[in-house]
Amino acid sequence: MLLNASGCLDASTAPDVARSLDAFVTKTVTPLPREGNPPVRIAETEVGMVNSIGLANPGLEAFLADHVPRLAELGVPLWVSVGGFSADEYAASCAALDARAAVTTLELNLSCPNVDEAPESAAQIVAACRAATTKPLYAKLAATGDLAELARAVADAGADGLSLVNTLRGLTLDERSLRPPLARGVGGLSGPALKPVSLAAVWVCRRATALPIVGMGGVASGRDALELLAVGAHAVALGTVLFADPHAPARVRAELAAELSAHGFAAPADAVGAAHDRVLAASV
Ligand SMILES: Cc1cc2nc3c(=O)[nH]c(=O)nc-3n(C[C@H](O)[C@H](O)[C@H](O)COP(=O)(O)O)c2cc1C
């Protein structure tokens with residue numbers, strides 16, 4: 001199953017690309033509209049990019065009125081990424097989205113490095129949202145802290161799945177001025193540098209919980225997607241690669257099919273967790 005990573009694909013400008021996915025994930029929506037952080041908000045590094053978009057979005061009301069009906073027309077399952085600054089805000093958004101048949105899954109963005117965090121823990125936010133909706137809830141986490149413990153905590157709180165990983169704090173300097181190009185200095189690092197991080201996060205969470213996992217972070221090829229499946233992801237999302245190659249979904253699908261057959265897997269599901277099985281097999 002191939003998705004886009006939240007914030008990395010605009011379905012209104014690239015509807016065909018969005019339609020080619022198994023589910024479209026929206027940019028994170030917050031209760032009130034947000035301008036986001038001041039420009040410059042995106043910069044390249046040798047190993048990916050840093051962004052400090054700061055959750056720019058139209059706010060829940062406009063999102064429900066204008067965006068959901070248009071996104072429903074894509075004809076692919078619609079995942080809405082939900083953000084907020086308190087557990088109550090997250091829960092209120094989930095309750096409003098719960099009433100929308102077009103929305104299939106809610107992904108809770110519990111890990112944006114570019115805005116202040118809610119005072120409650122990730123597990124408390126998931127528990128509040130669980131009480132507000134019957135739709136599947138995915139907890140999106142960053143690879144910080146004790147991820148195994150966090151994964152178990154959000155699973156106990158009622159999460160149905162994990163989205164791993166969000167960006168990590170990163171900074172780059174302009175070659176000549178030696179100043180950070182991003183107005184906020186520090187941003188979220190994404191792209192190739194994140195691949196070993198996302199592999200480790202999925203590996204750890206696969207061992208810690210039985211939750212299905214959407215793996216993302218540095219995926220640019222079918223080989224990258226295969227590796228995420230092998231460490232335990234059930235689905236894979238494309239993020240930064242879409243900025244350089246908007247047609248990456250078709251390419252990654254074709255490459256993944258070739259990788260799967262080269263490794264003797266009849267279907268993507270057969271590759272899920274294969275790396276764990278191989279470690280086990282080697283140790284007996
Ligand atoms: C420009 C940009 C905007 C993003 N916006 C969001 C967002 O709104 N919500 C979210 O959960 N993640 C957001 N992300 C993080 C991605 O969804 C993804 O977790 C991360 O970029 C790692 O995947 P990648 O290395 O394939 O890009 C954003 C990433 C980028 C590069």
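Side notes on the structure shown:
- Once C-alpha pairs closer than 8 Å and six or more residues apart are averaged by separation and normalised to the residue number of the range 137-248, the relative contact order reads 25 percent.
- The chain: C-alpha gyration tensor shape, a/c 1.5 cut-off, then a/b vs b/c: rounded
- Rounded if a/c under 1.5, otherwise prolate or oblate - the range 199-270, Cα gyration tensor axes: oblate
- Applying a DSSP loop filter and a limit of 16 other Cβ atoms within 10 Å to the GluC sites (Glu not before Pro) in the range 58-95 leaves Glu73.
- Taking 0.36 nm per residue of separation and subtracting the current Cα-Cα distance, fully stretching the chain between Asp146 and Glu117 would add 8.7 nm.
- Between Ser261 and Thr134, the modelled labels are 4.3 nm apart [label points 7 Å from Cα along Cα→Cβ].
- Net length available on complete extension from Ala65 to Asp98 is 10.4 nm, with 0.36 nm assigned per residue and the Cα-Cα distance removed.
- Converting phi to 3J(HN,Hα) with the Karplus coefficients 6.51, -1.76 and 1.60 and the offset θ = phi - 60°, the range 45-59 yields 10, 5, 10, x, 9, 10, 9, 9, 4, x, 6, 4, 6, x, x Hz in sequence order, with x at every glycine or proline.
- The chain - mean residue ellipticity at 222 nm from DSSP helices (-39,500 (n - 2.57) per run, n ≥ 4, rounded to 500): -10000 deg cm²/dmol
- Taking amide H positions as modeled 1.01 Å from N, with prolines and chain starts lacking one, the residues under 5 Å from Glu107 and 5 or more places away or on another chain are Val80, Ser81, Val82, Tyr138.
- When each of the peptides 167-173, 38-44 is scored by how many other beta carbons lie within 10 Å of its residues on average, the order from highest to lowest is 167-173, 38-44.
- Computed extension gain for Ser283 through Arg184, at 0.36 nm per residue and net of the alpha carbon distance, reaches 30.9 nm.
- Spacing of the modelled spin labels on Asp174 and Glu44, each 7 Å from Cα toward Cβ, amounts to 1.7 nm.
- Of all aspartates and glutamates in the structure, those lying under 13 Å Cα to Cα from Lys27, and not within fewer than 8 positions of it along the same chain, are Asp10, Glu107.
- Converting phi to 3J(HN,Hα) with the Karplus coefficients 6.51, -1.76 and 1.60 and the offset θ = phi - 60°, the range 104-120 yields 8, 9, 10, 9, 8, 7, 9, 8, 7, x, 9, 9, 5, 8, 5, x, 7 Hz in sequence order, with x at every glycine or proline.
- Whole-Å distance, taken between Cα centres, linking the range 217-267 and the range 1-47: 18 Å
- Distant-in-sequence amide H partners of Val40 (H built 1.01 Å from N, under 5 Å): Ala183
- Scalar couplings 3J(HN,Hα) for the range 137-142, obtained by applying the Karplus form with A = 6.51, B = -1.76, C = 1.60 to θ = phi - 60°, are 10, 9, 9, 8, 10, 9 Hz; x denotes Gly and Pro.
- GNM remark for the chain: springs join alpha carbons under 10 Å apart, and the peak mean-square fluctuation among Val29, Val82, Val272 falls on Val272.
- Residues whose amide H lies under 5 Å from that of Leu238, counting only those 5 or more places away or on a different chain, are Leu3, Asn4, Ala5; hydrogens are built 1.01 Å from N in the peptide plane.
- Gyration tensor (alpha-carbon) shape descriptor, the range 29-159, a/c threshold 1.5: oblate
FYI, it's all coordinate maths here, none of it is from the lab. What you see is a predicted model, and the numbers here were worked out from it, not measured in a lab. Glycine gets a Cβ as well: all are built from the backbone with ideal geometry, and neighbour counts include every protein chain shown.
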